[in-house]
Amino acid sequence: MNLSVNFCGVNFPNPTVLASGYLGVTGSSMANCINHGCGGVTAKSLFMEERLGHPNPTVLTYPGGMINAIGLCGEGIKKAGHEFELYAKQCPDNPLIGSVAGHSIKDIVECAEIMDSYPVDLIELNFSCPNVEDEMGRPIACDPIMTENATREVRKITKKPISIKLSPNVPNIGMIAKHAEEAGADAITAINTVGPGMLIDIYMRRPILANKVGGIGGQGIKPIAVRCVYDIYKNVKIPIIATGGIINGRDAIEMLMAGGSLLGIGSALTYHDMKAFEMITKKIHNFMEEEGFEDISELVGLAHNS
Ligand SMILES: Cc1cc2nc3c(=O)[nH]c(=O)nc-3n(C[C@H](O)[C@H](O)[C@H](O)COP(=O)(O)O)c2cc1C
């Protein structure tokens, strides 16, 4: 039985990929995911400059989900190279996806140029973080023409595969994915967090997050993520890293059937810790055995046949 995935010419030993923002900061934290059965990793999104992010509290869980306003903190791309080198040395068989973000298209291109020089197998362009809207305006991924222009500019400076990370907070994600594909994207990552949303502390009588609003991930967003992946699969030919609310193996199989080729694993880590990767891969394996599938690619997009 084959659970490996050839994604844009890059071989992933199994379909699970650490989602950006979870543990993807140091080479050793990413390598630790591989030691626990993860197929490949996505690093935390990096900007050109160092960013402190939003003040605490920045993340909290609630029944059904998780809200965060981390605010894309990070050391800046110029200082991050050694972490990627460390990872690539330790995990040569598990692809590394570098994620870049920026305040403008020019910024993103500069950042992607540096990322291109690092030992990453794919470059993900985070056009879709909802919790920095006050600072940066509506995410690029909320506008088809901006998405197309930004993708086209990055396409010019790298030969590595690029995956565009899209936002669910639009009425037409399939159409936006199509614009990215036409501008030269090799893949789509979907979805980023939903929202922004807000939770209120009734005793303090104010929003709990210091930033007031944050992006929502976790179990509750799965039906939105499944629908987004389904819409994207219908509209484009390029493969999808399906992300959002994948908590267990059943969720993962739904995402494959919606059209995902790889599976972004994020908040499952808060429910199952590092066991999430192996648990999800094992469930897919067992399902394939029970249902008579030989290759994981046979599951991709199956829900479109009915
Ligand atoms: C704490 C936190 C930090 C995140 N940071 C990033 C990031 O740096 N770049 C990015 O593209 N997505 C980021 N995300 C979004 C996740 O990669 C993912 O798309 C989203 O949370 C949905 O998946 P989930 O339901 O499994 O959490 C972050 C999410 C959380 C909860």
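The values are calculated or read from the model by the stated rules, or taken from the named source; none is laboratory data. Since the structure is predicted, the reported quantities are computational estimates derived from the model, not experimental observations. Cβ sites come from the backbone with ideal geometry, for glycine too, and all protein chains shown count toward neighbours. Just the protein is used for accessible areas: all its heavy atoms, side chains included, with ligands, DNA and RNA removed. Shrake-Rupley method; radii C 1.70, N 1.55, O 1.52, S 1.80 Å.
In the range 275-306, how many are crowded, with 16+ Cβ neighbours inside 10 Å and part of a loop (DSSP other than H, G, I, E, B)?
Final tally of qualifying residues: 3.
Those residues that are of a type in the set (D, E, K, R), away from the ligand (no atom under 16 Å from the Cβ) and open to solvent by less than 60 Å² (accessible area, probe 1.4 Å), I need them from the range 203-259; list them, please. Talk me through it step by step, then tell me what you get.
Initially, the range 203-259 is screened for residues of a type in the set (D, E, K, R), giving 205-206, 212, 222, 227, 231, 234, 237, 250-251, 254.
Imposing the further condition that a residue be away from the ligand (no atom under 16 Å from the Cβ) reduces the set to 205-206, 212, 231, 234, 237.
Within the range 203-259, just D231 meets the criteria.
Across the range 260-274, what is the number of residues that are surrounded by fewer than 24 Cβ atoms within 10 Å (Cβ to Cβ) and either part of a strand (DSSP E or B) or within 13 Å of the ligand (Cβ to nearest atom) (or both)?
The total comes to 4.
Is it the case that the range 50-65 has a residue that's assigned to a helix (DSSP H, G or I), open to solvent by 20 Å² or more (accessible area, probe 1.4 Å) and at pLDDT below 95?
Step one: list which residues in the range 50-65 are assigned to a helix (DSSP H, G or I), which gives none.
No, that holds for no residue.
Please go through (1) open to solvent by 20 Å² or more (accessible area, probe 1.4 Å); (2) away from the ligand (no atom under 13 Å from the Cβ) for V170 and return the number of the only condition it doesn't satisfy.
Result: V170 fails condition (1) only.
Pairs please, first residue from the range 9-25 and under 15 Å from S297 (Cβ atoms), second anywhere and of a type in the set (S, T, Y) and more than 8 Å from the ligand (Cβ to nearest atom), Cβ atoms under 6 Å, 6+ apart in sequence or on different chains.
Sorted first by the residue in the range 9-25, then by its partner, the pairs are P13/S4; N14/T281.
Of the residues G21, G65, G71, G53, only one is touching a Lys or Arg at 6+ places or on another chain (Cβ under 6 Å), within 25 Å of Q219 (Cβ to Cβ), small (G, A, S) and near the ligand (Cβ under 10 Å from one of its atoms); which? Show your work before the answer.
Numbers: G65 fails: touching a Lys or Arg at 6+ places or on another chain (Cβ under 6 Å); G71 fails: touching a Lys or Arg at 6+ places or on another chain (Cβ under 6 Å); G53 fails: touching a Lys or Arg at 6+ places or on another chain (Cβ under 6 Å).
Going through G21, G65, G71, G53 in turn, just one is touching a Lys or Arg at 6+ places or on another chain (Cβ under 6 Å), within 25 Å of Q219 (Cβ to Cβ), small (G, A, S) and near the ligand (Cβ under 10 Å from one of its atoms): G21.
Pull up the range 78-110, narrow it to residues that are in a loop (DSSP other than H, G, I, E, B) and either at pLDDT below 95 or of a type in the set (D, E) (or both), then point me to the one that is farthest from the ligand (Cβ to nearest atom).
Start the filter on the range 78-110 by keeping residues that are in a loop (DSSP other than H, G, I, E, B), which leaves 80, 91-95, 101-104.
Filter once more, keeping what is either at pLDDT below 95 or of a type in the set (D, E) (or both): 80, 93, 101-104.
Details: A80: 12, D93: 23, A101: 7, G102: 12, H103: 15, S104: 17 Å.
Applying the filter and picking the extreme gives D93.
Among the residues of the range 1-27, which ones are surrounded by fewer than 18 Cβ atoms within 10 Å (Cβ to Cβ) and part of a strand (DSSP E or B)?
Passing the criteria: N2, N6, N11.
Would you mind telling me which numbered condition in (1) closer than 26 Å to F12 by Cβ; (2) in contact with a Leu (Cβ under 6 Å, 6 or more places away or on another chain) L72 fails?
Here L72 clears every test but (2).
Restricting to the range 113-130, count the residues that are polar (S, T, N, Q) and more than 9 Å from the ligand (Cβ to nearest atom).
In the first step, residues of the range 113-130 are kept if they are polar (S, T, N, Q); the result is 117, 126, 128.
From the residues that got through so far, the ones that are more than 9 Å from the ligand (Cβ to nearest atom) too are 117.
Summing the residues that are polar (S, T, N, Q) and more than 9 Å from the ligand (Cβ to nearest atom) in the range 113-130 gives 1.
M30 is checked against (1) more than 16 Å from the ligand (Cβ to nearest atom); (2) open to solvent by less than 30 Å² (accessible area, probe 1.4 Å) and fails just one. What number does that condition carry?
Evaluating M30 over (1) more than 16 Å from the ligand (Cβ to nearest atom); (2) open to solvent by less than 30 Å² (accessible area, probe 1.4 Å) leaves (1) as the failure.
Kindly list, by first and then second residue, each pair from a residue in the range 215-235 that is acidic (D, E) to a residue that is in a helix (DSSP H, G or I), limited to pairs with Cβ atoms under 6 Å and residues at least 6 apart or on different chains.
D231/I173; D231/G174
Suppose the filter is within 19 Å of the chain's Cα centre (by Cα), closer than 19 Å to Y118 by Cα and within 13 Å of the ligand (Cβ to nearest atom); does A43 pass it?
On the way: within 19 Å of the chain's Cα centre (by Cα): yes; closer than 19 Å to Y118 by Cα: yes; within 13 Å of the ligand (Cβ to nearest atom): yes.
The answer is yes for A43.
What is the residue count in the range 111-151 for residues that are open to solvent by 30 Å² or more (accessible area, probe 1.4 Å), in a helix (DSSP H, G or I), touching a strand residue (DSSP E or B) at 6+ places or on another chain (Cβ under 9 Å) and over 17 Å from G53 (Cβ atoms)?
2
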